[in-house]
1. Under a point-charge model restricted to the Cβ atoms of Lys and Arg (+1) and Asp and Glu (-1), what is the dipole moment magnitude of region 228-267 relative to its Cα centre, in debye to the nearest 20?
2. Cut-off is 10 Å between beta-carbons; in what order do His203, His228 appear when sorted fewest neighbours first?
3. For the residues Ser163, Ser191, what sequence is obtained by ranking on other C-beta atoms within 10 Å, fewest first?
4. Report, in listed order, any pair from Lys107/Lys150; Lys140/Lys188; Lys188/Lys263; Lys161/Lys245; Lys34/Lys232; Lys161/Lys198 with a Cα-Cα distance greater than 29 Å.
5. For region 93-175, what is the charge dipole size about the Cα centre, in debye to the nearest 20, if Lys and Arg each add +1 at the Cβ and Asp and Glu each add -1 at the Cβ?
Amino acid sequence: MKTNLVILAYLLLSISSCNDKEILPDEYHNVNQKSSSFKAFKIQMSFTHDPIELTVELVDSLAIIEGDIIVGTEEDFEQAGLAGIIGVGKLWEKATIPYEIQEGHSKKIEINKAIDYINLNTNLNIVPRSNEIDYVYFAKSEGCSSWVGKQGYKQNINIGKCSYGSIIHEILHASGFYHEQSRTDRDKYISIEFSNIKEKSRHNFKRYVDRGYSGNDIDEYDYNSIMHYRDKAFSINGKKTISLKVPPATSATIVGQRNGMSKTDIKTINMVYDVK
């Protein structure tokens, strides 16, 4: 009887431990849950008149929001208490993004496949770097992360445990696009279930961006965007952290797909990078 009770206690503890394991989003810089700290800083968004306060995760000497968006270095924040996140005015000239892939990268095939897919379906022209000063560098990493928009000089797109769809996602960040669920109008379309999210992770669901990209004229909320979180991102109990409002969603609506760009993704990219 005593042995059975011990086994039962062990099983209950195991179940409890599983329930406490956070479901990370598809793209996450700190994938192996390295030691990190969380601090609130004022961040100057290029599409806002005044800095807004966002909580950043400080890890690997980088300041990260929403799991995979790099907004500066820890040194930037500690010294100045303010960093800029790139948006309007920091697009890639002539829609051309030079790139390099770190030698021996295990994801080279998937990276090239993602580049070919974006080049084929959008106005973006992602080309091997020759001698350009400003370019993206696909770096070996454990997780996935990127800066948003052109930063100037060499900027990393960190690719580790990333699927083909997640690589597309990170390239679109580097092109200047944010997460769809961060839209200021998102509460008309989805509800964030904060009770299913760890308190320390709730900052990842802040609203701050106008329509996924600052300055576009597309009002349609894109549930199918490759830039949208899945519905259990950051869940601590296996329950949904994002529920859909029906209407405008339907019972068949799926969010967070990573198969490829949605029609609206492509439309938005081609409108922002209008090379006519």
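Nothing in this text is a laboratory measurement; each read-out follows from the coordinates by a stated rule. What you see is a predicted model, and the numbers here were worked out from it, not measured in a lab. Cβ atoms come from the backbone with ideal geometry, glycine included; neighbour counts cover every protein chain shown.
1. I would put it at about 40 debye.
2. Result, fewest neighbours first: His203, His228.
3. Ser191, Ser163
4. Lys140/Lys188; Lys161/Lys245
5. 80 debye
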